[in-house]
Structures are given as structure tokens and as C-alpha cells.
Amino acid sequence: MMKLDLLIYAEKLKIKILDGKSMVWDIIRSKWVVLTPEEMVRMCFVQYLMKDRNISRNKIAVEKEIQIGDKKKRFDLLVYDDHLLPLMAVECKSLDIILDEKVISQLVRYNQVLDCKYLCIVNGVEVNFYQKRNSGKWDEIGIPI
């Protein structure tokens, strides 16, 4: 597990109050969304990917729907490679959520559809990256991209 203080990116976010609710500008979806604790982590991680990892906003997807069996789910973030194939799925949790086996299991289930080489779970202060082995198991690794 690595430490990653995403709140340093909060000052880069556009935030406004609308009808008594805090809203944040989602630079990827080009729209205002309700600023929940999880959304704060998601938008700060997007800033981290773009500013520190030099990933183009065109290679990032936010909250797209996927079909897992007979259920519809939404992933938090997906990073595409240079050929626009899924490279890394990201599950964002609020600061008070512990990044445990339950969180990574959720992302592994999503990845049955996405088929990413890397997975990432983040809660705003900690981040874990994983890479799939040939055996199908996931190993924790350093920053892959």
C-alpha cells in the first residue's frame, strides 16, 4: 500500500453550490456532478492521472455502465492505452473506507468484463496498484503507468 495525498489536487477542482448542494465540474464527462466524498477522491485522482502521470483526458472514462451477468454496474474510472483498449480499472472510495479485500474483489469482478492489465484502488490517502499474473492471480505492484 502506498500513501498518496490526493487532496492536494482539490484546489484545482471547480466547485460551486447549486440548489444548496456542492457540485464539482467533471472534466472528463464535461458536466457538474454532486460532490460526494467518493466523487472528491475520483476527481482528485483524475487530476493526479492527468498532471502527474501525463495521461490525456481522452484516455480516461468515468462511471461507464457495464453488464456483469444479469446486473448493470458502473466502474469509477477506466484508463485506456494508446490503442484505446482498457489498461487500468480504478475503484475510488471515500477517505473513511479501508482498502481491503472486499474493495479489490469488487474491482476484480468488474474486470471480468473490462479485462484490464492493471487494477487500482484508492481512497484519497492510500492507493494500491495490482497486475494480473498468468495464473490469474493479482500481485500488488508499484505505479504501473
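Within the range 9-80, list the trypsin sites (Lys or Arg not before Pro) lying in a DSSP loop whose Cβ has at most 16 other Cβ atoms in a 10 Å radius. Answer in residue order: Lys14, Arg29, Arg53, Lys64.
Hey, quick one: spin label on Ile145, modelled 7 Å out along Cα-Cβ, who in the range 81-97 has an amide N within reach, i.e. under 16 Å? Zone members listed by number: 81-92.
Say R0 is 30 Å: what FRET efficiency, to the nearest 0.05, do Asp82 and Leu18 get from their beta-carbon distance? Each step should come with its number before you reach the end.
On the way: r = 37 Å, r/R0 = 1.24.
FRET efficiency, Asp82 to Leu18: 0.20.
Computed from Cα atoms, the angle from the helix 37-51 axis to the main principal axis of the chain rounds to 80 degrees. Each residue, Asn134 and Leu95, gets one label point 7 Å from its Cα in the Cβ direction; the gap between the two is 4.4 nm. Structure note, pairs Lys64/Lys102; Lys14/Lys132; Lys72/Lys102: Cα-Cα distances above 25 angstrom occur for Lys14/Lys132. Using a simple spin-label model with pseudo-atoms 7 Å out from Cα toward Cβ, Asp70 and Gln106 lie 2.3 nm apart.
For the chain, what is the mean residue ellipticity at 222 nm derived from helices alone (per DSSP H run of n ≥ 4: -39500 (n - 2.57); sum divided by total residues; nearest 500 deg cm²/dmol)? If you can, show how the numbers build up before the last one.
Numbers: 2 runs with 29 residues, N = 145.
Mean residue ellipticity at 222 nm (helix-derived): -6500 deg cm²/dmol.
Quick note: the coordinates plus some simple rules give every number you see, no bench work behind them. Remember, predicted model here, so these are calculated numbers, not experimental data. Quick reminder, even Gly has a Cβ in these numbers, built from the backbone with ideal geometry, and neighbours come from all protein chains shown.
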